[in-house]
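Only the coordinates and a few stated rules stand behind these numbers; no lab work does. If you're wondering where the values come from, they're calculated on a predicted model, not measured in any experiment. Quick reminder, even Gly has a Cβ in these numbers, built from the backbone with ideal geometry, and neighbours come from all protein chains shown.
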Amino acid sequence: MNNPLVSILCITYNHEQFIRLCLESLVNQKCDFNFEILIHDDASTDGTQAIIKEFQHKYPEIIKPILQTENQWSKKASGINLRFNYPRAKGKYIALCEGDDYWIENDKLQKQVAFLENNPDFSMVCSAFNLIKEEEIIPIVKEGIVSAEKEDDNGFCFDLGDLMKHWFVRPSTALIRNLTDKAKVLEQYESPFDIHLFYHILKGNKGYYSKDILVVYNRHQGGVFSGRTHQELLLVYYHILKEIYRKDQNKFIKIQFLKVSFRIINLRISGLFSSRKIKTPELKDKIVGTKEVYEEIKDLIKTKQERRELYKTLIPYQIKLLKKRAQTLIQRFKSL
C-alpha cells in the first residue's frame with residue numbers, strides 16, 4: 001500500500017494467546033482511508049509468528065511484519081517500536097497497539113483521525129480502556145485530573161504538565177501525528193520508550209483524552225511492564241526520567257525524576273529494594289544504590305520543599321509504619 005493515511009505499529013513477543021484477537025481488531029477497522037499494519041515480532045518461541053504469517057498471507061497489502069530470529073530486547077531493552085517500526089511508517093498519523101491488547105470499536109481509527117484532521121493544533125488523541133486483570137474486566141476512565149475548564153462529559157484537553165502529573169496514556173489507545181523531526185530527536189536517547197515519544201510529541205502541543213472506551217489492555221505476567229516487580233518499574237522509570245531530564249532540562253520531568261529518586265532512596269534505606277527483586281537480566285546492570293541516586297539528584301534540590309522531601313526519604317519505612325500504629329493505638333486509648 002503506497003498511500004496509507006495511518007501506520008499502525010504493533011510489537012509482539014510470545015503473544016500467541018492474544019495476537020489473533022489483536023490483529024482481527026486492527027484489520028476490521030472501518031475507515032474511509034487506507035492504513036498499514038507494521039508488526040515487529042521479537043523472535044517469539046510460541047506460535048505468535050505462525051499467526052502473523054497467516055494474517056500476512058490473507059492481507060498482504062496491509063500487514064508488513066518483521067519476524068526476528070534473534071531476540072532484540074535482550075540486546076537492548078528499549079525502543080523496539082521506535083527502532084524497527086517507526087522508521088518505516090508511511091502514514092500521516094501513527095497508531096499504536098501492542099500485541100497483547102486489542103481495539104473493541106471498529107471505528108476507533110476513523111474517530112481519532114477525524115479529531116486530528118479537524119483540530120490541527122492537537123498533536124495526539126487517546127482514550128479510556130478496559131483493563132483485564134486476572135479475568136476481571138475493569139473500566140479505566142479518567143476524570144477530574146485536569147482543570148475544570150479543560151474537561152466536559154466527552155473528554156478533556158491536556159498538555160505535557162497534565163500528563164507528567166498523572167500518566168494516563170496507554171500506548172494502545174493513542175493516535176499521534178507522524179512528526180519525522182520527533183523521530184530524529186528520539187535517536188539521541190540510549191533507551192527510548194513510548195514515554196520519550198509522548199513527551200516530545202506533547203512538548204509545546206496539546207492532546208485530547210476521550211472518555212469512550214475503545215481498547216482492551218491485558219495485564220499479565222508476560223507483559224513488558226505489567227510483569228515487572230515494583231522495584232523493577234521504579235528502576236526503569238528512574239533511568240528514563242534521568243535521561244530525558246539530562247537532555248532537556250524540563251521542570252515537569254525534574255519533578256517526576258525527583259519523586260522516583262526519593263522513592264528509591266527510601267526503599268534502599270528501609271531494606272526493601274533488594275537486588276534480588278531485580279529479576280530481569282537487562283536491568284541487573286542498571287541497579288542503583290542510595291549514594292549513586294543522591295549524587296545524581298543533589299544539584300537538582302533547590303527549594304525548601306525539595307529538601308524536606310529528601311529528608312523524609314531518610315526515615316526508614318518501618319519507622320513510619322510504627323509511628324502510624326502508635327498513633328492508632330493512642331486514638332483507641334483516648335476513646336476508651
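Points worth noting:
- Cα convex hull, region 1-134: 123 Å³ per residue, rounded to a whole number.
- Expected-Rg normalisation [2.2 N^0.38 Å, Cα atoms] applied to region 202-309: 1.25
- Note on the chain: Cα Rg divided by 2.2 N^0.38 Å, N the number of residues, gives 1.09.
- What the Cα convex hull of region 61-103 gives, in volume per residue, is 110 Å³.
- Across the chain, the longest piece that holds none of the trypsin sites (Lys or Arg not before Pro) lying in DSSP loops with up to 11 other C-beta atoms within 10 Å covers 76-301.
- Net +/- balance of residues flanking Lys111 in space, Cβ distance below 9 Å, scoring K and R +1, D and E -1: -2
- Among Tyr317, Tyr209, Tyr13, the residue with the largest mean-square fluctuation in a Gaussian network model of the chain, with springs joining Cα atoms closer than 10 Å, is Tyr317.
- Span-like helix ranges in the chain, DSSP H, alpha carbon extent 15 angstrom or more, Kyte mean at least 0.0: 251-269
- Within region 48-103, the GluC sites (Glu not before Pro) that combine a DSSP coil assignment with at most 10 other C-beta atoms in a 10 angstrom radius are Glu61, Glu70.
- When the C-alpha to C-alpha distance is required to be over 30 Å, the pairs from Lys75/Lys302; Lys150/Lys251; Lys90/Lys242; Lys211/Lys259; Lys108/Lys165 that qualify are Lys75/Lys302; Lys90/Lys242.
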